[in-house]
Every structure is written in C-alpha cells, then in structure tokens.
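One structure is given below, encoded as structure tokens.
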Amino acid sequence: MQIRITNSLTRQKEPLRTLVPGKLSLYVCGVTVYDFSHVGHARVYIVFDVVQRTARRMGLDVTYVRNFTDVDDKIIARANQNGETTDALTTRMIAAFHEDMDRLDCERPQVEPRVTTHMPEIVAMIEQIIARGHGYVVPGEVQADGSIAQDVYFDVRTFPPYGALSGRSQDDNADGASERVQHDARKHSQADFALWKSAKPGEPFWNSPWGNGRPGWHIECSAMACKHLGETFDVHCGGKDLVFPHHENEIAQARAANGQEFARQWMHNGFVTIDSEKMSKSLGNFFTIRDVLARFHPQVLRYFLLTAHYTHPLNFSDRSLEEAQKRVLAIYEKLAAAEALLTARGMASGGQMDEPELELVENARGELQDALCDDFNTPRALAALSEPIAALSLALDKPKAAGALDVIAQVRAFLHEASGWLGLFQHPPTTVVEAIVAQARDRLFPPGSEALANVERLLVERQEARAAKDWKRADEARDALTQVGAEVRDGPQGTTWRPRLTDEA
RNA sequence: GGCGGCAUGGCCAAGUGGUAAGGCAGAGGACUGCAAAUCCUCCAUCCCCGGUUCGAAUCCGGGUGCCGCCUCCA
C-alpha cells in the first residue's frame, strides 16, 4: 500500500515520494516561542504526528525535524515587556511547548533545531546566496561604536521560479499588497525580503560578515532543513498560512543558495476557526492549549482535532468539544468495561488467542490503514472504529453469549493497535474516565463548596425517601439534583452520581 | 484589486462518475419504582440554474453565500 498526500505544489493528491527508498525525511515548521501555543498550533502538530506515525507504521524509516524559532521581533518585544532576557523567555516557552505536546501525545521529532544554535549554517547560506547573485547588501542600523552594520536582502527578481508554491506572479505581489507594506527605497524590488537584519540598540545580535545582527524570518528554516535533512528532502509541512511568504521564501533561499531542489513535496493543514474565522493571535480569537486542557482531557482535544480532514478548516466550539468528549468518554468506558471483564475471566492479556480473527476486526483494520494512507483521512479512520466498537458494546451487554469474550478481546486488541496510528485510546481507560469526570466535578462542585454539600444533602434525602418508598419525594430530590447538574445513577452497587459533562444551563 | 478554497440530514463530518461512511442530537423499543447509563431499531439525494454522460454530491459553465492568502501568523 502506498501513502498518498495532497501536494501543495501541484494541488493534487499524489503518491508520497521518498528520495531514498524506505526512508522519509520530514520537516515541519515549528513555533516562534514568545508565548503559549494555541489550538491552531495543536492541530498542526497533531496532524503531522499522525502523518509521522502512519509513515512509520507503513514501514518507513522517518526522520522528523521540527524547529523552534527562537530569534524574532516578537520574542524581543515580549521579553522586553516581561523584563526578562530573550533566552529566558524562549527557554520557558520551549518547555511549555514540550509539555503541551506531551500531554497531547505528539511524539517527539528526532531533531528540534533552534535558530540560535544554527548561526554558522545560516550565515553560510546567506553568503552562498550573495555569491550566486541572489542577495544584496545595503546599509543598516548604526551601531554603538558608530559603525554602520549592513542588512542583506534576497533579490526576488533574480529567481524566476518565485511564486510557484503560492501560485502568484511577481506582478500580483506588487499590486494590492504593496500599499500595506512600508516602502523601502533600499530594496531593488518591494517583494525582496530580509536575509539578515542589522541590530538595533538593545537587541540580541550575532556577529556576521555584515556586522552585528540576526537572521531574517525565513532563512532559518532553509538552513536548518538543509542541515538536518540534506539540500533535497522529501516533505516540508506547516500551516496553510505559511505558504506565502514563509515557504515561498524558504524555497527561493535554499535553491538560490545551492541550486538543489529543496523539499520535493509540500503539505499544508487548514486552520482552526472560530465562527468560521481563522483563530489567530492577531484577531485575538484564540484559546491556548492550556486554556482548553483546563476544561477538557487532552485525548478529547486530540480526538476533536482529528475529526475533520487536515486540509479543511475546523471550527472550534464548546459544542464540538463536548461532542468529542462524549465520544471519547464512551469509548474509554467501554474499554474499561472490557478490561474489567477480561481480567475477571483471567484473559487480561487479550488478543493472544488462537481463535481466527473476526472478519469485522479484519475489515476495520484494513479500512483504518486505507483511510490513513489515503492522505491521512482521519475522519474516515475514526469512522472505521465504529463497527468494532458497536460489536464490543453488544458483547459487553451480553457477555454470556457465544463468542462474546472473544469479540471483546479482539476489539480491545484492535483499538490498542489503532491507538498507535492515531495517538488515541492508548491510556489506561479507568484513568481517563476518572480524569474526565473529576475535571467536570471540580468545576461544577469544587471540594468543600456549598454546591457539593447541597448535592450530598439531596442524595441523602433521596435515599431516605427511596427507603421509605416515597417515590414522589425521591423524584423531587432527583429533579433537584439534575437541576444543579448532578446526574444520579442507581446501580446494583448502590447509587452513584456524576457531574453533568456539558456546559449548558 | 490579484490568487485560492469551501457549500452534504437539526448540528459536526467522510465521500472526485454508478444510485449518500461515521459521530452528536432526535424518535420508537428493551431495561428501570421513575430516571440515568447501557443495548436494539429508525432518521438526508448532497446551495441555485444550465450543460456533458446510459448514469453526477462527484465533470463543465454561470450564479449566490462563506472563508483564506497577498502584512505577523500554524
């Protein structure tokens, strides 16, 4: 089976091509570490985590590189604002990013290069670009010692393929855009972009042939990708908003510097939206990953972000999160029930039986793989889980039916296998169920709160009424509990209650 | 202004030529003192108009609506 991807360069679905058979080199643009990451970032890295997992499971030896941009105007501004060094800020934010990604079960890339540790490579690439006639040097900022440092620009007009990825001509760029971009007389063309920026007072800087300064925004990815994956590598990925100018510029720089192809295929994921509008820092309509994880389990957020195809926009809303939560919880509850039952029957290991594989599971396994190989169609992959889950439900409902235990064991084993592809449903089920319930309980009925005391009071009252077979009073108590968001359940083990998991009311 | 994307049941969402996956909600049933949870069953002809084709949600043309990029952005 071949993996097919939507290649942004051709705008078509085509087979994933690897330069070296059996090996896949993957570069994903990482974050600029000046703040906590938001849900839009979460989507990118979860999507490409699934890409990476799928490729590995299809037998490819994957080298996954994801950078940190740790030098940038916004970082400098934020560090000043916070009264800390850029280094302190970026170190903190990288740690926070790792923490977020770990919670979301995104596997770590093989290499996570930082701009600040790749200055020699960056400077060398800029020198190459200049040497080959695609870059030029102009006077920049006056330095403390009175000298004038230099800026370096990429000369877009010397690179005819410019615009191929984003599908725009250089003339297009000149028009509408130019009125919003401040005119710079030093540039040959207003579309030219900075390769190296001379240092302003108080900014962090690195020494270079052009004086003290720092790299422009795009060059770091060209340099780090070439260093860690080679001048030509397989796939370069990122959010759709990076197509232009970031990726367009990366291509121009790398190819201008070394004459090689750079990334052979490109993948871009769609935005997370709110009310159909892009979630972004500039619009201010974003939620950080931490904001969301304070209310929803990481598996719920991950599941939600995989419910739409990665190339499409995905609308973020409480309602969607709650729907995802409902589904994730239901599946983990079934897994918990399966585990309990199998343990009780001494079949805890599961999936190691001699019975022939159930056709249903076999089909689902094939569909899961087909779906993911077909351009990482996660909605289809999630749908493939439904039939086995339905079979599991039925078997759990009638565990004494012929073959029921076998179904339970096999579906459980299948879900465990699916979790390797999707990064979902691999956690100890009772832990997840308890975490989700506890999160809602602590929100609605914090420990020691009057709300919690009220629930306990009503529960006692209902118990007394029930003992006296006073159904009217018992129902009143239950209605009152429902009213405040506590759902009562009578079971053979006695009465339990759960906080309402949705946020209505 | 230039370039591009999307429009499927109440909501979310797959599906690129052969008669609409899946999830949530809803309805009916089982279970329950009543409920909840759980289980079973049911529930769309694909924005509008025209065209191509034996046959289109899927291709072409024209509308309408929404969104994105062109400035920092995942």
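Only the coordinates and a few stated rules stand behind these numbers; no lab work does. These numbers come from a predicted model, not from an experiment. No Cβ is skipped: glycine too gets one built from the backbone with ideal geometry, and neighbour counts run over all protein chains shown.
All other residues whose Cβ lies under 13 angstrom from that of A:ALA124 are scored, Lys and Arg at +1 and Asp and Glu at -1, for a net of -2.
Given +1 at the Cβ of Lys and Arg, -1 at the Cβ of Asp and Glu and no other charges, the dipole of segment A:445-499 around its Cα centre is 160 debye to the nearest 20.
Taken as Cα centroids, segment A:77-126 and segment A:258-311 sit 19 Å apart, rounded to the nearest whole angstrom. Among A:73-83, A:243-253, the peptide with the highest mean count of other Cβ atoms within 10 Å heads the list, and the full ranking is A:243-253, A:73-83. Stokes-Einstein diffusion for chain A at 4 °C, viscosity 1.567 mPa s, with a Kirkwood radius from C-alpha pairs, works out to 50 µm²/s. Helix-only arithmetic for chain A: the sum of -39500 (n - 2.57) across DSSP H runs with n ≥ 4, divided by the residue total, places the mean residue ellipticity at 222 nm at -14500 deg cm²/dmol. Just going by the charge dipole of chain A, with Lys and Arg at +1 and Asp and Glu at -1 on Cβ, which of A:CYS106, A:ASN269, A:SER222 is farthest out on the positive end? Selected residue: A:CYS106. For segment A:323-431, a simple Cβ point-charge model (Lys and Arg +1, Asp and Glu -1, everything else neutral) yields a dipole of about 520 debye relative to the Cα centre. Charging the Cβ of each Asp and Glu at -1 and of each Lys and Arg at +1, and nothing else, the dipole of chain A about its Cα centre rounds to 360 debye. Ranked by the mean number of other Cβ atoms within 10 Å of their residues, highest first, the peptides A:213-221, A:4-12, A:441-449, A:378-386 fall in the order A:213-221, A:378-386, A:4-12, A:441-449. The phi-based Karplus calculation (6.51 cos²θ - 1.76 cosθ + 1.60; θ = phi - 60°) puts the 3J(HN,Hα) values of segment A:428-443 at x, x, 5, 4, 5, 4, 5, 5, 5, 5, 5, 4, 5, 5, 5, 7 Hz, whole numbers, x for Gly and Pro. At full extension, A:ASP370 and A:LYS472 could sit 31.2 nm farther apart than now, given 0.36 nm per residue minus the alpha carbon distance. Distance between the pseudo-spin-label points of A:ASP479 and A:ALA435 (7 Å out from Cα toward the beta carbon): 3.9 nm. Placing a label point 7 Å from the Cα of A:SER147 along the Cα-to-Cβ direction, the residues of segment A:187-215 whose backbone N falls under 16 Å of that point are A:197-201, A:205-214. Placing dummy labels 7 Å off each Cα toward the beta-carbon, the span from A:GLU450 to A:ARG132 is 7.2 nm. Counting Lys and Arg as +1 and Asp and Glu as -1 over every other residue whose Cβ lies under 11 Å from the Cβ of A:THR18, the net charge comes to +1. Applying 1/(1 + (r/R0)^6) with r as the Cβ-Cβ distance of A:GLN2 and A:GLU357 and R0 = 30 angstrom yields a FRET efficiency of 0.80. PRE reach from A:GLU277 (point 7 Å along Cα→Cβ): which of segment A:296-313 fall under 18 Å by backbone N? Counting backbone N atoms under 18 Å from the label point, the list is A:313. With a cut-off of 9 Å between beta carbons, the residues surrounding A:TRP196 carry a summed charge of +1, where Lys and Arg count +1 and Asp and Glu -1.
Distant-in-sequence amide contacts of A:SER25, defined by a placed amide H-H separation under 5 Å and a gap of 5 or more residues or a different chain, comprise A:LEU19, A:THR63, A:ASP234, A:VAL235.
Could you calculate the contour length gain from A:LYS74 to A:HIS312, that is, 0.36 nm times the residue separation minus the distance between their Cα atoms, to one decimal place in nm?
Length difference between fully extended and current span is 82.8 nm.
Compute the long axis of helix A:359-373 from its Cα atoms, compare it with the longest principal axis of the Cα atoms of chain A, and write down the angle in degrees, 0 to 90, nearest 10. Relative to chain A, helix A:359-373 is tipped by roughly 20 degrees.
Got a sec? Which residues in segment A:15-43 would a label at A:ASN82 touch, if it sits 7 Å along Cα→Cβ and we count backbone N under 18 Å? Those under the cut-off are A:31-39.
Computed from phi, the 3J(HN,Hα) profile of segment A:468-474 under the Karplus parametrisation 6.51, -1.76, 1.60 (θ = phi - 60°) reads 8, 6, 8, 4, 5, 5, 4 Hz, with x in place of Gly and Pro. Each peptide in A:144-156, A:188-200, A:41-53, A:404-416 receives the mean, over its residues, of other Cβ atoms within 10 Å, and ordering these scores from highest gives A:41-53, A:404-416, A:188-200, A:144-156. Annotation: the residues A:ARG365, A:ARG478, sorted from fewest to most other C-beta atoms within 10 Å of their own C-beta, follow the order A:ARG365, A:ARG478.
The label point for A:THR117 and the one for A:ARG498, both projected 7 Å from the Cα toward the Cβ, are 4.5 nm apart.
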